[in-house]
Amino acid sequence: MAKPRRTRDRQDYYYWKAKEMGYRSRAAFKLIQINKKFSLIKKGYWVLDLGAVPGGWSQVAVKLGANVVAVDLNPMSEIEGVEFIKGDITSPETIDMIFEFRDEFDVVMSDASPKLTGKWTIDHLRSMDLAKASFEIAERLLRRGGNFLVKIFQGEEINKYYREVAPRFRFKKFHSPQASRKRSAEIYFVGKGFKR
Ligand SMILES: C[S@@+](CC[C@H](N)C(=O)[O-])C[C@H]1O[C@@H](n2cnc3c(N)ncnc32)[C@H](O)[C@@H]1O
């Protein structure tokens with residue numbers, strides 16, 4: 001887990017809490033909080049974790065009793081109960097690899113982030129590409145009635161994305177968990193009850 005760089009970050013409550021509890025990332029607490037509010041992941045569910053490295057979200061899903069398939073561009077050290085696929089979520093080959101392993105999931109979740117440039121519009125548009133790729137994967141692999149969670153860096157394309165994705169879910173909402181940093185542009189789309 002990357003150490004906080006700035007002094008104020010050293011006081012980062014979730015960073016130290018993650019270390020203490022054996023989570024690989026502070027992001028783990030975002031999923032814990034989102035799941036507490038929206039009950040996306042349940043025991044026995046098959047969960048597809050996109051942009052999974054270092055593995056905090058996968059650890060949380062396993063703790064909740066789920067079976068996890070995790071995907072990332074970068075390698076991930078092993079987690080018991082998690083099948084890892086190294087690949088780019090925007091590439092059809094990766095989708096085929098996931099499909100070969102399992103063709104239906106109860107939950108598709110994506111915390112995938114582009115490499116940040118600090119330029120708001122570029123980061124927003126790159127994050128939109130990953131969010132669109134995540135939804136395309138969900139369209140192919142999410143079961144009827146399944147749940148979808150995706151991170152987006154806010155910007156002008158977000159309303160268009162919502163208009164495209166939201167009608168496919170019975171319940172839909174944008175949500176920012178407490179564990180997201182106050183100054184972060186990130187927000188999560190939560191969709192429940194996928195209409196196939
Ligand atoms: C914020 S991290 C995910 C943290 C993770 N949820 C956790 O709790 O440990 C974002 C990840 O997205 C991955 N990523 C970015 N673009 C990707 C792509 N096109 N395909 C697969 N993974 C990607 C990055 O490699 C990075 O590991």
Cα to Cα, under 22 Å, and not fewer than 8 places away if on the same chain: which lysines meet these conditions relative to residue 119? 132, 151, 160, 182
Convex hull volume per residue for the stretch 26-194, taking Cα atoms only, in Å³: 103 Å³
Going toward the positive end of the dipole of the stretch 26-194, with +1 on Lys and Arg Cβ and -1 on Asp and Glu Cβ, which of 68, 85, 174 do you reach last? 174
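So for the stretch 56-196, averaging the separation of alpha carbon pairs under 8 Å that are six or more residues apart and normalising by length, what relative contact order in percent results?
Numbers: 214 pairs, mean separation 27.2, N = 141.
Relative contact order comes out at 19 percent.
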Would you calculate the separation in nanometres between label points at residue 93 and residue 74, each defined as 7 Å from the Cα along the Cα-to-beta-carbon direction? 2.1 nm
For residue 24, which sequence-distant residues (separation of 5 or more, or a different chain) have an amide H within less than 5 Å of its own amide H, given hydrogens modelled in the peptide plane? 56
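Taking only DSSP H segments of four or more residues, each worth -39500 (n - 2.57), what value at 222 nm results for the chain once the sum is divided by all its residues, to the nearest 500 deg cm²/dmol?
Numbers: 7 runs with 72 residues, N = 196.
About -11000 deg cm²/dmol.
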For residue 52, distant residues with modelled amide H under 5 Å away: 71, 72
In whole Hz and in residue order, list the ³J(HN,Hα) couplings for the stretch 57-71 that follow from phi through the Karplus curve 6.51 cos²θ - 1.76 cosθ + 1.60, θ = phi - 60°; x for Gly and Pro. 5, 4, 4, 5, 4, 4, 4, 7, x, 8, 9, 10, 10, 10, 10
Using each residue's phi in the stretch 130-145, evaluate 6.51 cos²θ - 1.76 cosθ + 1.60 at θ = phi - 60° and report the 3J(HN,Hα) Karplus result to the nearest Hz, with x for Gly and Pro. 5, 5, 5, 4, 5, 5, 4, 5, 4, 4, 7, 10, 7, 6, 4, x
For the stretch 191-196, what does the Karplus curve 6.51 cos²θ - 1.76 cosθ + 1.60, with θ = phi - 60°, yield as ³J(HN,Hα) per residue in whole Hz, taken in order and with x for Gly and Pro? x, 10, x, 5, 9, 7
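Please give the peptides 49-58, 151-160 ranked by average Cβ packing (other Cβ atoms within 10 Å per residue), highest first, as a rough proxy for protection. Display every interim value, and only then the final one.
Numbers: 49-58: 26.1, 151-160: 16.8.
Ranking the peptides 49-58, 151-160 by packing returns 49-58, 151-160.
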For the stretch 23-93 and the stretch 125-155, what is the separation of their Cα centres, given in Å? 14 Å
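Any read-out appearing in this document is the output of simple, stated calculations on the displayed coordinates, not a laboratory observation. On a predicted model such as this, the values are computed, not experimentally measured, just so you know. Positions of Cβ are backbone-derived with ideal geometry, glycine not excepted, and every protein chain shown enters the neighbour counts.
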